[in-house]
Amino acid sequence: LLLRWRRRRALWRKVAEAQERQELSLVRMERAAHRFREQHPSVNVASIISLPLPELSKKLRDGSLPPDHVFYAYVGRALQLATETNCITEFLQESENQVRKAKLMERQGLLYGVPVSIKDSIDCQGHDSTLGFIKNLNKPAAEDSVVVQVLKRQGAIPFVKTNVPQSLISYDCKNLLFGQTRNPLLYTRTPGGSSGGEGALVGGGGSILGIGTDVGGSLRFPAAFCGICAIKPTGRRLSKRGIMAGVVGQKAVAAAVGPLAKDVESLALCLRALLSEDMFSLDSTVPPLPFNEEVYSSTKPLRIGYYETDFFTMPSPAMRRAVRETKQLLEEAGHTLVPFELTNVDNVIFNYCVRGMFADGGHSFVKKFEGELERGGMGLFFWLAQAPHWLKTLLSWISKPFVPRLSSIIRSMKENTVDEVWSLHHEIEDFCHQFIAQWKELNLDVMLCPMLGPALGIGYPGKLSVAVSYTMLYNALDFPAGVVPVTLVSDEDEEQLKGYKGYYQDWWDRTLAKAFRGSVGMPVAVQCVALPWQEELCLRFMKEVETL
């Protein structure tokens, strides 16, 4: 007991040190911003921050805006957001040296002088990638991840790292080291996750461009909840070298790295910069596919599939209205909208995603929490991972008539043999080919889909892991998917929510109804989806939705 007590004290000391470093980062940001204001009192910070990224980058490249003016304008605004929402974990001090060098260098690169925020799990040389784990503290990355290297070669200046939920396997944004991140639009709401710090910072205007990752909606939840845009590319379109994963080695559900920004044109500019010769030479596993300008700038009418529900997670009234209104606007603009029928989403979520990600019964994931002081509200998961197979089988059988979704979760948490894992991967491949065949039978270009929203109250995502169905489907399929905010929750939506029952009418459905409540004025997005490797077409569709 004494040894355990001493060990826990040592861990709490580490937590306190991490929090002190976070505080020190904010103090350094404050000093840097204050020093710049004193030296350049006439700089109009508000006018700099109001510029969209394409216009800002043009002014930086043509010399009409000095990089230090832009950098310190965003340092000041990011500091304000960090104070309000707790979204920043670390200020990258070397960024100040980069700004000084940028002023002396030739103005090269599509992102010359652009300050960029980076998710905690993406390696930046000399800084921790913690994933909210104490064990990852004081283990600075030996080198930048490939994505960060390419950003720097394109002239960008990574300046802060942002908060994540412990382990990344959550769409809230809280961990013991750095605490809870809040939504900049309403502090009682979650910013989403796992790229929640990015969502809050970009959504609040403290960063003009953020880089995050997505394994079940981790880019799309924060973007939708904070009223901004994001795209999850095909898993291997951008390099994942030097990026920490929540579940290492699993191949069932494709993870991806991608950008978040206020508008679609900014996402396109970021992908143009990243899909360069630098990316392909630094990581030869990335297909050498440069950004296809012709596809992105095309104006030909699109044939668009759509659905209002996946018949697994009942959409909120605002979600349904967002799809209907977007569909109508697209039709009025001359595009063809075709109903698309989704089936067996429950099988995708439980059999492919949960079972696929935790094919060893969750043992390797649970192992990550050994020696930690907190388990991120995943009590049921830990219990299931540690329960014997016979007990899980019995509980699954007993609960099936009363709580079918709980039964499916218990069943999907079994330990699989190698043969079963191979069969599962084969099933996922078959499902993907069937989905594409259905897509091609309808001769579709892209798909319009619901996106979970509005933002849930803080703490609710941990109780509502089943509500990831709208996003996780496209990780299982490995299709590019982006989100665009299209409307705000109305009083009428709020009134209609009183009749929300859900498809299963279980505890999860009742909890989701509560989580949606009190959201008048909060943003609601739609998802825009394309076939694998067609990010440019996905962005073109997103741009169309945004414009309309």
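Give the residues of the range 407-419 that are free of Cβ contacts under 8 Å to residues at least 60 places away in the same chain, part of a helix (DSSP H, G or I) and closer than 15 Å to Met357 by Cα, sorted by residue number.
Initial filter on the range 407-419 (free of Cβ contacts under 8 Å to residues at least 60 places away in the same chain): 407, 409-410, 413-415, 417-419.
Going one step further and asking which of them are part of a helix (DSSP H, G or I), we end up with 407, 409-410, 418-419.
Ile409, Ile410, Val418 - these are the residues of the range 407-419 that are free of Cβ contacts under 8 Å to residues at least 60 places away in the same chain, part of a helix (DSSP H, G or I) and closer than 15 Å to Met357 by Cα.
Which ones in the range 156-174 are touching a Phe, Trp or Tyr at 6+ places or on another chain (Cβ under 9 Å), part of a loop (DSSP other than H, G, I, E, B) and of a type outside the set (Gly, Ala, Ser)? Talk me through it step by step, then tell me what you get.
Start the filter on the range 156-174 by keeping residues that are touching a Phe, Trp or Tyr at 6+ places or on another chain (Cβ under 9 Å), which leaves 156-157, 159-161, 163-167, 169, 171-172.
After this cut, where a residue has to be part of a loop (DSSP other than H, G, I, E, B) as well, the list is 156, 163-167, 169, 171-172.
Asn163, Val164, Pro165, Gln166, Ile169, Tyr171, Asp172 - these are the residues of the range 156-174 that are touching a Phe, Trp or Tyr at 6+ places or on another chain (Cβ under 9 Å), part of a loop (DSSP other than H, G, I, E, B) and of a type outside the set (Gly, Ala, Ser).
Identify the residue in the range 280-315 that is of a type in the set (Asp, Glu) and open to solvent by 70 Å² or more (accessible area, probe 1.4 Å) and, among all such residues, is nearest to Leu151 (Cα to Cα). Before you say what the answer is, go through the steps one by one.
First, the residues of the range 280-315 that are of a type in the set (Asp, Glu): 283, 293-294, 308, 310.
This time we only want the ones that are open to solvent by 70 Å² or more (accessible area, probe 1.4 Å), so: 293-294.
Working: Glu293: 20, Glu294: 23 Å.
Ranking the candidates gives Glu293 first.
So Leu177 fits all but one of (1) in contact (Cβ under 8 Å) with a residue 60 or more places away in the chain; (2) part of a loop (DSSP other than H, G, I, E, B); (3) within 18 Å of Pro485 (Cβ to Cβ); what number is the exception?
(3)
Condition first: open to solvent by 10 Å² or more (accessible area, probe 1.4 Å), basic (Lys, Arg) and either touching a Leu at 6+ places or on another chain (Cβ under 6 Å) or farther than 28 Å from Arg100 by Cβ (or both). Can you find one or more residues in the range 184-196 that meet it? Spell out how you get there, then give the answer.
Step one: list which residues in the range 184-196 are open to solvent by 10 Å² or more (accessible area, probe 1.4 Å), which gives 184-189.
Pick out the ones that are also basic (Lys, Arg) and you get 189.
Next, only the ones that are either touching a Leu at 6+ places or on another chain (Cβ under 6 Å) or farther than 28 Å from Arg100 by Cβ (or both) stay: 189.
So far as the range 184-196 goes, yes, one or more of its residues are open to solvent by 10 Å² or more (accessible area, probe 1.4 Å), basic (Lys, Arg) and either touching a Leu at 6+ places or on another chain (Cβ under 6 Å) or farther than 28 Å from Arg100 by Cβ (or both).
Of all residues in the range 92-124, which are part of a strand (DSSP E or B) and either open to solvent by 10 Å² or more (accessible area, probe 1.4 Å) or outside the structural domain of Gln154 (by the TED database) (or both)?
Once the filter is applied, which keeps residues that are part of a strand (DSSP E or B) and either open to solvent by 10 Å² or more (accessible area, probe 1.4 Å) or outside the structural domain of Gln154 (by the TED database) (or both), the range 92-124 yields nothing.
Select, from Pro480, Pro485, the only residue that is in contact (Cβ under 8 Å) with a residue 40 or more places away in the chain and open to solvent by 10 Å² or more (accessible area, probe 1.4 Å). So that I can check it myself, show each step before the final result.
Numbers: Pro480 fails: open to solvent by 10 Å² or more (accessible area, probe 1.4 Å).
After ruling out the rest, the residue left standing is Pro485.
Has the range 184-195 got any residue that is touching a residue at least 24 places away in the same chain (Cβ under 8 Å) and out of contact with any Ser or Thr (no Cβ under 9 Å at 6 or more places or on another chain)?
First pass over the range 184-195, keeping only residues touching a residue at least 24 places away in the same chain (Cβ under 8 Å): 184-195.
Filter once more, so that each one left must be out of contact with any Ser or Thr (no Cβ under 9 Å at 6 or more places or on another chain): 185, 188.
Looking for residues that are touching a residue at least 24 places away in the same chain (Cβ under 8 Å) and out of contact with any Ser or Thr (no Cβ under 9 Å at 6 or more places or on another chain), one finds at least one in the range 184-195, hence yes.
Every residue in the range 20-38 that is within 21 Å of Phe133 (Cβ to Cβ) and either hydrophobic (A, V, I, L, M, F, W, C) or more than 36 Å from the chain's Cα centre (by Cα) (or both), please. Full working, then the answer.
Going through the range 20-38, the residues within 21 Å of Phe133 (Cβ to Cβ) turn out to be 20-25.
Residue satisfying the conditions is Leu24 alone.
Enumerate the pairs (first residue in the range 270-297 and assigned by the TED database to the domain that holds Pro259 and closer than 22 Å to Val116 by Cα; second residue anywhere and assigned to a loop (DSSP other than H, G, I, E, B) and aromatic (Phe, Trp, Tyr)) with beta-carbon separation below 9 Å, excluding pairs fewer than 6 apart on the same chain, so at least 6 apart or on different chains.
Leu271/Phe291; Arg272/Phe291; Ala273/Phe291; Leu274/Phe291; Leu275/Phe291; Ser276/Phe291
So which residues in the range 9-19 are within 22 Å of Ser129 (Cα to Cα) and either of a type in the set (Phe, Trp, Tyr) or more than 27 Å from the chain's Cα centre (by Cα) (or both), if there are any at all? Talk me through it step by step, then tell me what you get.
Taking the range 9-19 and keeping what is within 22 Å of Ser129 (Cα to Cα), we get 10-19.
Ala10, Leu11, Trp12, Arg13, Lys14, Ala16, Glu17, listed by residue number.
Conditions (1) more than 27 Å from Ser194 (Cα to Cα); (2) part of a helix (DSSP H, G or I); (3) touching a Ser or Thr at 6+ places or on another chain (Cβ under 6 Å); (4) polar (S, T, N, Q), marked per residue:
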position: Trp397; (1), (2), (3), (4): yes, yes, no, no
position: Arg405; (1), (2), (3), (4): no, yes, no, no
position: Ala437; (1), (2), (3), (4): yes, yes, no, no
position: Gly453; (1), (2), (3), (4): no, no, no, no
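Residue-by-condition table, conditions (1) among the polar types (S, T, N, Q); (2) open to solvent by less than 20 Å² (accessible area, probe 1.4 Å):
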position	(1), (2)
Lys135	no, no
Ala141	no, yes
Val148	no, yes
Lys152	no, no
Ala156	no, yes
Val160	no, yes
Asn163	yes, yes
Cys173	no, yes
Arg182	no, no
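Having 1 or more residues that are modelled with pLDDT of 95 or more, within 30 Å of Asn136 (Cβ to Cβ) and touching a Gly at 6+ places or on another chain (Cβ under 8 Å) is the bar; report the helices (runs of 4 or more DSSP H) wholly within the range 237-354 that clear it. Spell out how you get there, then give the answer.
Values: elements: 264-274, 277-282, 293-297, 317-332.
Ranges flagged: 264-274.
Restricting the search to the range 39-73, which residues are more than 27 Å from the chain's Cα centre (by Cα), outside any loop (DSSP other than H, G, I, E, B), within 15 Å of Arg107 (Cα to Cα) and among the hydrophobic types (A, V, I, L, M, F, W, C)?
Leu60
In the list Lys543, Lys498, which residue meets the criterion of being surrounded by fewer than 19 Cβ atoms within 10 Å (Cβ to Cβ) and either assigned to a helix (DSSP H, G or I) or not assigned by the TED database to the domain that holds Met314 (or both)?
Details: Lys543 fails: surrounded by fewer than 19 Cβ atoms within 10 Å (Cβ to Cβ).
Going through Lys543, Lys498 in turn, just one is surrounded by fewer than 19 Cβ atoms within 10 Å (Cβ to Cβ) and either assigned to a helix (DSSP H, G or I) or not assigned by the TED database to the domain that holds Met314 (or both): Lys498.
Kindly check whether there is at least one residue in the range 353-364 that is outside the structural domain of Val489 (by the TED database), of a type in the set (Val, Ile, Thr) and open to solvent by less than 30 Å² (accessible area, probe 1.4 Å).
For the range 353-364, residues outside the structural domain of Val489 (by the TED database), of a type in the set (Val, Ile, Thr) and open to solvent by less than 30 Å² (accessible area, probe 1.4 Å): absent.
The values are calculated or read from the model by the stated rules, or taken from the named source; none is laboratory data. Quick caveat, the model's predicted, so the values are computed rather than measured. Neighbour counts are summed over all protein chains in view; Cβ atoms, including those assigned to glycine, are modelled from backbone coordinates with ideal geometry. Accessible surface is based on the protein model in full, side chains and every heavy atom, while ligands, DNA and RNA are left aside. Shrake-Rupley method; radii C 1.70, N 1.55, O 1.52, S 1.80 Å.
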